Amino acid sequence: MTKHIVKSFNLDHTKVTAPFIRLADEIISPKGDIIVKLDLRFTQPNKEFMDMPAMHTMEHLLATYLRDGGKYKIIDFSPMGCQTGFYLTLFGPVDLAEFKDYFKACLKLVAEAQTIPGTQEKECGNYKSHSLANAKKFALNFLNADAEILK
Ligand SMILES: [Zn+2]
């Protein structure tokens, strides 16, 4: 059995500057589908962290907006345990410059959001842990910093 090295552990987290959009992985399925995993980094690793309510709200909003925009077939959007960003898995190929424009349009919707989807007790596993104000703050930070693209 071959060992699989988690590729993000090979990223030198001391040598990157957040925010950024990074191609974390690209896999071709046996049937030829291209599956792309993106690292969407909001805060500087080991320096600044998103609070959990902000991350949780951002997760609910972007999970909705990234799919609603319809440009990509989204497989999964999930928060990083280190609280510095999110992973987005989708069907490729993905032009990262085009994706960046799409992602920024989604973040503008976060910045303008009035409500958070899926916050009823039956819809969410921690429905009281949300902060729309803080999610907006991190969305604006990303938008104002003009994120770098890393391949
Ligand atoms: Zn939730």
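Only the coordinates and a few stated rules stand behind these numbers; no lab work does. Only a predicted model underlies this, so the values are computations on that prediction, with no experimental measurement involved. As a convention, Cβ positions derive from the backbone with ideal geometry for all residues, glycine included, and neighbour counts pool all protein chains shown.
Some notes on this structure:
- Taken one residue at a time, the phi angles of the range 53-58 give Karplus couplings (6.51, -1.76, 1.60, θ = phi - 60°) of x, 5, 4, 5, 5, 4 Hz. Gly and Pro are set to x.
- Extents of the chain, largest first, come to 44, 35, 33 Å (Cα atoms, principal axes, whole angstrom).
- Residues whose amide H lies under 5 Å from that of Ala24, counting only those 5 or more places away or on a different chain, are Lys37, Leu38, Asp39; hydrogens are built 1.01 Å from N in the peptide plane.
- Cα centre as origin, Lys/Arg/Asp/Glu Cβ charges: the chain dipole, Debye: 140 debye
- Fewest-first sequence of Glu148, Glu59, Glu123 by Cβ atoms within 10 Å of each Cβ: Glu123, Glu148, Glu59
- For Asp68, Asp39, the sequence from fewest to most other C-beta atoms within 10 Å is Asp68, Asp39.
- Working from Cα pairs under 8 Å separated by at least six residues, relative contact order for the range 64-103 is 31 percent.
- Reach of Lys31 by Cα under 30 Å, taken over lysines that are not fewer than 8 positions away in the same chain: Lys3, Lys7, Lys71, Lys73, Lys100, Lys151
- Local electrostatic count at Ala24 - Lys and Arg +1, Asp and Glu -1, tallied over other residues with Cβ under 12 Å: +2
- Straight-line cross-link partners of Lys137 among the aspartates and glutamates, defined as a Cα under 13 Å from its Cα and at least 8 positions apart when in the same chain: Asp51, Glu112.
- Relative contact order of the range 1-124, pairs being alpha-carbon contacts under 8 Å that are 6 or more residues apart, as %: 24 percent
- Peptides 31-37, 42-48, 84-90 ranked from most to least packed by the mean count of surrounding Cβ atoms within 10 Å: 84-90, 42-48, 31-37.
- Mean residue ellipticity (222 nm) of the chain, computed from DSSP H runs ≥ 4 via -39,500 (n - 2.57), nearest 500: -10500 deg cm²/dmol
- For Lys15 and Ile149, a Förster radius of 25 Å and the Cβ-Cβ distance give a FRET efficiency of 0.95, rounded to the nearest 0.05.
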